[in-house]
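The values are calculated or read from the model by the stated rules, or taken from the named source; none is laboratory data. For clarity, every value in this text was computed on a predicted model and none was experimentally measured. Cβ placement follows ideal geometry from the backbone for every residue including glycine, while neighbour counts extend to all protein chains displayed.
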């Protein structure tokens, strides 16, 4: 029982990253009708905002410590971060320690700006082009973005730990008399994603802006005819979608150290999630994200892999095939979307 | 940075060849003028450095390339000579190889067998490389080794840890300096025993492909010989990035040691996840839970950051070694690039030197002569103590390092500390050891 | 000629001539000059050009004509490669059975996968094919290479071992893939002045097969069947309303393009007898999509151009290192030289992905019709300037 709950929890945790990325992807698709292969790159850029902030905060000056030697036998240069010398080692250390949560503040404006630039500078010209062209140009963009990151940060993963306070494990089952130990940061990630998803849904549901966007998704032309500048709103939604992907990336850094190709690793998967959920359907993306997370988690159990060797490698694709054959437009897809 | 003028050779050649041109009408037979593939005829000799420049191992590839450049510089008589001064064989004089200046071409393996073979072929077919070296994974090493055997050039393997490289896929033209999974197991086992006792229950997470399996097999055999029990072995997909669903079941499995048979990005993530789940602080059966990473590399340890602290593994070489050879290498590498070399850099530097030395001793670039010079070659002074290139499988036998993630690193490079240097005798195995059985070395192929 | 109209015959002849003289055309720079870096006329790369050309031609039959964007074609390439190597292992190194089996097996797989995937269209079809291909890759990489049942040899790649049966292997035959004794690796090097040209048996076999494939593709493009496929692309619904069932046509196109892919895979093994699972990864499927679109989807010659373009980049640009750069700019004063190297450095060697990404974007943005459109524009530009040379200019114009 404990083990089962642990796997479900793990699935929800995995699923929250899938759901967040897929949400942004499907949002862009639903509003602008663009298949964005650079969405994984946005996730990656978000993660590197956190890395950059961590690096900036730990910018150091060097003092020479003659008692210690470096690898060449010269006196060791000891690095002290500026932040620590300004605020004292205690506070300074704390600031560096909290770099990842702090990065959220920076990631929101940066990612919205990145989204704006991408949409206005490139994607805008591809609305009327075939999906294949959109795929190609955004794929090219994704390669360029990840290569630029690689140029500056190298190919190795970069450790960006969570704050010490959130680093341990918690027994989430203790209240129910069960023993379910789970990392605190992963629980934080899950709740963070639930909050973001809820925020996006309420934004679209309860604000006038959101209402117009939803109307635009349903019938862009009519909304345009009513004298509403729907394009501008869609641009803003692109910024929002890239911010969601970026935040997902920032918060993901302590879970797995980011590297330049993490976006590509998620790209195929997030497309599968979106399609299983139904292109353009926001609840579908979220549902499919969590669903596939849980299924993946169960498929990795020893029981599953011994019964069907290799099932953990192909479960996602098997599910995608099964869903698409039984429900032509994914779980919650709309008719006529992306079927040409 | 004025490089020597390439056209000098061209002038010579074009003069000689206009007369010889079109003189070989035997269409569709291999060129029969030379006795072996890419016999260097001019005043230079070209080596092919085939390393991952894109993809997840690009940083390792970059470090390998630095070491290659350093080795070429030293062989050509530049720099401070590095390990050439400490190398027990004194055949190399700093005047190139057999008096020919060493040139090199580089290629990108992308850590894919196909791409690696393509770039190796282009070096052989287009650039006239007489030796190919490099690589950062066993799949690539075995693929390129096979190619070099067919094409008739020498292959000096870079990073490849799988037993198969000098086991079932061994080739007469291929040579491996790096250690292997069996050696990791043999070196780690005694250390693990003295640290954790002989009554342990191990849980293996293994990357689901050839290298992972051979490593799991080796470590399992070595630890079970100590009296450890293997609770479970779970295969993880190579493409996995999040290992939480594999780590979570470990918590309640009753195991008290977790063995991570992962490398590269897999290792960084699985170790990070394992530490996230509190395994390092966990108590099971009244014992501290322990994590073991059988194959360590410093570059990867850097990716795992704090998480490596106190975790044991094995490695081919580490810059903190105090012997003369290692010191000389660290000094010349560090002076040139500003940071210490990785084990990948060390191994490819040694391989280049060993090749050059073998050619010099053999007096010929002919792969068969070079192979003969390398077979059974005993040397010292390249950082791993006394080393033997065994003739039967072209595997180097040398000391293996057991290392531990350092608790209080003084710099960003100071991540591992050497716990024990396991002597070569302890990691030596028979040629027909079952883990290495099934292949045949064949005979050397000079090509052409 | 061969049932082609005049223009298609012209295209075919031009392609044939290009293929025949490729070893010379692709080696424009003397062997020892600094520019020799850009020579592509060595056997491996020429083989890759034509083999991936076949792959792209086949993909274009599906994508260019019907508009169905498959993201899983690499699976057929991989299956073809594996089948061919299995023939080497069982029968011997003659390439003929291997090539036939690779076409057959990949055709069967294409039938199966196509039958299921074609029940959906648009991106749903793409994802279905992607899912199938990724499953093939994952299984081939790990599960199907387990010691008890080793079908693919996993990470290392399937290859021939000395203890394989090779029933029809006799002494005297080359120990490498061969065509009735003619080794695929046999290369005749001919030196002309400062130039060296390499004529390779494997390349000419592949080139010959590529010409046959190209010819078949032209016939398909011009046939009523091809018209039917175009109808699927322009408006499948209307086609269905007129009482035509489009499924058999699209399935046929899918199987044909799968067989082309399998043939390409078989040839890859035929010139280099090692089949790795990475050939089936989604990035490999993506590569053929890129080749086709980059060259010009729906055109005859476009996919071949695209394939050449990408393979050229992969193999030539990745090999330029700082050393080579320095030798190029050696004529400049030292400061300038280092500056130029510094500027170019991020785009070559380990940065070749970056250059490729930028070029993709540029081509897609400015040449929606791919390289073929670029060619047409240049042609149109010349036509405007050089008044009356129209008769000649029509020749290389693509099908659409």
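On the given criteria, is residue C:326 surrounded by 19 or more Cβ atoms within 10 Å (Cβ to Cβ) and either facing another protein chain (nearest Cβ under 10 Å) or at pLDDT 85 or above (or both)?
no
Do you know which of the residues in the stretch A:124-142 that are within 17 Å of residue A:220 (Cβ to Cβ) and surrounded by fewer than 18 Cβ atoms within 10 Å (Cβ to Cβ) is farthest from the other protein chains (Cβ to nearest Cβ)?
Residue satisfying both the conditions and the ranking: A:127.
Residue check, residue B:149 against (1) farther than 18 Å from residue C:319 by Cα; (2) within 21 Å of the chain's Cα centre (by Cα); (3) part of a strand (DSSP E or B), all met but one. Which one?
Of (1) farther than 18 Å from residue C:319 by Cα; (2) within 21 Å of the chain's Cα centre (by Cα); (3) part of a strand (DSSP E or B), only one is false for residue B:149: (3).
If you go through the stretch B:73-108 one residue at a time, how many are outside any loop (DSSP other than H, G, I, E, B) and touching a helix residue (DSSP H, G or I) at 6+ places or on another chain (Cβ under 7 Å)?
12
Based on this model, can you work out whether residue A:109 counts as under 25 Å from residue A:260 (Cβ atoms) and buried (at least 22 other Cβ atoms within 10 Å of the Cβ)?
No, not satisfied.
Of everything in the stretch C:240-277 that's in contact with a helix residue (DSSP H, G or I) (Cβ under 8 Å, 6 or more places away or on another chain) and surrounded by fewer than 17 Cβ atoms within 10 Å (Cβ to Cβ), which residue is nearest to the other protein chains (Cβ to nearest Cβ)?
Here the answer is C:251.
Report the residue count in the stretch C:196-235 for those that are touching a helix residue (DSSP H, G or I) at 6+ places or on another chain (Cβ under 7 Å), farther than 16 Å from residue C:58 by Cα and assigned to a helix (DSSP H, G or I).
The total comes to 6.
Can you find, within the stretch B:99-114, the residue that is surrounded by the fewest Cβ atoms within 10 Å (Cβ to Cβ) among those that are within 7 Å of chain C (Cβ to nearest Cβ) and modelled with pLDDT of 90 or more?
B:105
Between A:25, A:9, which is surrounded by fewer than 24 Cβ atoms within 10 Å (Cβ to Cβ) and either assigned to a helix (DSSP H, G or I) or under 15 Å from the mean Cα position of the chain (by Cα) (or both)?
Only one candidate qualifies: A:9.
Does at least one position in the stretch A:95-110 carry a residue that is in contact with a strand residue (DSSP E or B) (Cβ under 6 Å, 6 or more places away or on another chain), within 14 Å of chain B (Cβ to nearest Cβ) and at pLDDT below 90?
no
So, in the stretch A:158-190, exactly how many residues are under 30 Å from residue A:92 (Cβ atoms) and in a strand (DSSP E or B)?
Of the residues in the stretch A:158-190, 3 are under 30 Å from residue A:92 (Cβ atoms) and in a strand (DSSP E or B).
I'd like the full set of residues that are part of a loop (DSSP other than H, G, I, E, B) and either under 21 Å from the mean Cα position of the chain (by Cα) or more than 25 Å from residue A:59 (Cβ to Cβ) (or both), limited to the stretch B:400-413.
If the condition is that a residue be part of a loop (DSSP other than H, G, I, E, B) and either under 21 Å from the mean Cα position of the chain (by Cα) or more than 25 Å from residue A:59 (Cβ to Cβ) (or both), then B:407, B:413 are the ones that fit.
Looking at C:129, C:152, which one is within 23 Å of the chain's Cα centre (by Cα) and not in a helix (DSSP H, G or I)?
C:152
Restricting attention to the stretch B:320-348, which residues are touching a helix residue (DSSP H, G or I) at 6+ places or on another chain (Cβ under 9 Å), closer than 19 Å to residue B:73 by Cβ and not in a helix (DSSP H, G or I)?
Result: B:339, B:340, B:341, B:342.
Scan the stretch A:46-63 residue by residue and report those that are within 13 Å of chain B (Cβ to nearest Cβ) and assigned to a strand (DSSP E or B).
A:60, A:62
Taking the stretch C:154-169, which residues are closer than 26 Å to residue B:37 by Cβ and either buried (at least 17 other Cβ atoms within 10 Å of the Cβ) or touching a residue at least 24 places away in the same chain (Cβ under 8 Å) (or both)?
Scanning the stretch C:154-169 gives C:156, C:157, C:158, C:159, C:160, C:161, C:164, C:166, C:169.
A quick yes/no check of all residues on (1) surrounded by fewer than 24 Cβ atoms within 10 Å (Cβ to Cβ); (2) assigned to a helix (DSSP H, G or I); (3) in contact with a strand residue (DSSP E or B) (Cβ under 7 Å, 6 or more places away or on another chain):
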position	(1), (2), (3)
C:29	yes, no, no
C:32	yes, no, no
C:40	yes, no, no
C:45	no, yes, no
C:59	no, yes, no
C:71	no, no, no
C:80	no, yes, no
C:83	no, yes, no
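Take the residues of the stretch C:196-230 that are more than 9 Å from chain B (Cβ to nearest Cβ) and farther than 21 Å from residue C:56 by Cα: which is surrounded by the fewest Cβ atoms within 10 Å (Cβ to Cβ)?
My answer is C:224.
Take the conditions assigned to a helix (DSSP H, G or I), at pLDDT below 90 and buried (at least 19 other Cβ atoms within 10 Å of the Cβ) and apply them to residue B:19. Does it pass?
Here the answer is no, as residue B:19 does not meet what is asked.
Residue by residue, here is whether (1) in contact with a strand residue (DSSP E or B) (Cβ under 8 Å, 6 or more places away or on another chain); (2) at pLDDT below 90; (3) within 18 Å of residue A:276 (Cα to Cα); (4) more than 8 Å from chain A (Cβ to nearest Cβ) holds:
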{"position": "C:115", "(1), (2), (3), (4)": "no, no, no, yes"}
{"position": "C:122", "(1), (2), (3), (4)": "no, yes, yes, no"}
{"position": "C:127", "(1), (2), (3), (4)": "no, yes, yes, no"}
{"position": "C:131", "(1), (2), (3), (4)": "no, no, yes, no"}
{"position": "C:138", "(1), (2), (3), (4)": "no, yes, no, no"}
{"position": "C:149", "(1), (2), (3), (4)": "no, yes, no, yes"}
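Based on what the data block shows, is residue B:133 within 14 Å of chain A (Cβ to nearest Cβ), under 30 Å from residue C:28 (Cα atoms), crowded, with 24+ Cβ neighbours inside 10 Å and touching a strand residue (DSSP E or B) at 6+ places or on another chain (Cβ under 7 Å)?
No, not satisfied.
Considering each residue of the stretch A:166-187, count those that are touching a residue at least 40 places away in the same chain (Cβ under 8 Å), more than 10 Å from chain B (Cβ to nearest Cβ) and surrounded by fewer than 17 Cβ atoms within 10 Å (Cβ to Cβ), and give that number.
Total meeting the criteria: 1.
Give the residues of the stretch B:300-337 that are within 10 Å of chain A (Cβ to nearest Cβ), under 26 Å from residue B:82 (Cα atoms) and free of Cβ contacts under 8 Å to residues at least 40 places away in the same chain, sorted by residue number.
Of everything in the stretch B:300-337, those that are within 10 Å of chain A (Cβ to nearest Cβ), under 26 Å from residue B:82 (Cα atoms) and free of Cβ contacts under 8 Å to residues at least 40 places away in the same chain turn out to be B:300, B:327, B:330, B:334.
Could you grab me the full set of residues in the stretch B:259-288 that are more than 30 Å from residue B:159 (Cβ to Cβ) and not in a strand (DSSP E or B)?
Correct list: B:278, B:281, B:282, B:285, B:286.
Kindly provide the set of residues from the stretch C:175-195 that are surrounded by fewer than 19 Cβ atoms within 10 Å (Cβ to Cβ), touching a residue at least 60 places away in the same chain (Cβ under 8 Å), out of contact with any helix residue (DSSP H, G or I) (no Cβ under 7 Å at 6 or more places or on another chain) and at the interface with chain B (Cβ under 10 Å from one of its Cβ atoms), ordered by number.
C:175
Considering only helices (runs of 4 or more DSSP H) fully contained in the stretch B:160-258, which possess at least 3 residues that are within 14 Å of chain C (Cβ to nearest Cβ)?
B:210-225
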